Structures are given as C-alpha cells and as structure tokens.
Amino acid sequence: MLQLCESGTSQQDLVRQLIACKTATGQVIRHKRFEYRGVIIGYDPLCIAPEGWIQAMRVDSLSQGRNQPFYHVLVDDRDGQYPGNVTYVAQENIVTIRGQTKVEHPLINDYFSGFEDGRYIPTDKMRKQYPQKSETAEGEC
C-alpha cells in the first residue's frame, strides 16, 4: 500500500516518483511485441486511455491489464509506420535499450535538450512534470 511521504503529497505524485525511478522520461526503449524503438516522453500510473481504445487494444488481455504504468513514446521514424508517430505503451511491453541508440523523430527537440550517456536529457519543463531519480529526495524510491 502506498503511503504519503509528506503532507500535501498526493498519491499520484508519489506514484509518479516511484515510476520515475524505474523507467524515466528520456529512456530509449524497444517494444517487446512490435520491435520498434522509441523514447519515453511521459507516463501515467495506470492506463487512462478511453474505454474504446482499451477494448480495441485488448489492454485487459495483458498480464497486468490496465493496472500498470503506461508510457507515452515517440516512435523512431526509421521503425514506425507513420513519420512522427507517438504511442501509448504498457510497462510490460517495454524493454529498455542501453548504449548510444538515438531516436529519429521530429518532436525530439520539443521534449529533450540533448543526449548523454545513452539517454535523452529532458527539458526543464519535462523535469518538473516528471522528476528524474536523481532529482527525488533520498529514500523516496
């Protein structure tokens, strides 16, 4: 059970901090089933897509269903069906990629200020919305 770590901290904020520790914005990933590469630009603690999308994508047939983090991902234009594609991916369908793999996407510079040590560096706005592990207080993760 989640416990609030300080007064005024919402459960959703705490969940976002916990998720940020596992897979953060700027992380390059590969989709397990469809094999495309991409970079995480955001996440939700649980699937918040419309019910029609959840049914169409058969989210409830996943082992963790809709009760897992879902990530907003810029799909590498070299791998995607459409240039500039953005997807919404269940955590269980994500594999992180280590190394110097860069993603080609027209919106990269809208979310990231650079690329260093195998991951994209979020802009100030992104860091405020999705705190990174190194930016959370000791013991929160």
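Miscellaneous remarks
- Once both labels are positioned 7 Å from their Cα atoms along Cα-to-Cβ, the gap between W53 and N109 label points is 2.7 nm.
- The range 38-105, accessible area per residue, ligands and nucleic acids excluded (1.4 Å, Å²): 52 Å²
The values are calculated or read from the model by the stated rules, or taken from the named source; none is laboratory data. Every value quoted in this text rests on a predicted model; they were computed, and no experiment measured them. FYI the Cβ positions are ideal-geometry reconstructions off the backbone, even for glycines, and counts take in every protein chain you see. For accessibility, only protein heavy atoms count, side chains too; no ligands or nucleic acids. Shrake-Rupley method; radii C 1.70, N 1.55, O 1.52, S 1.80 Å.
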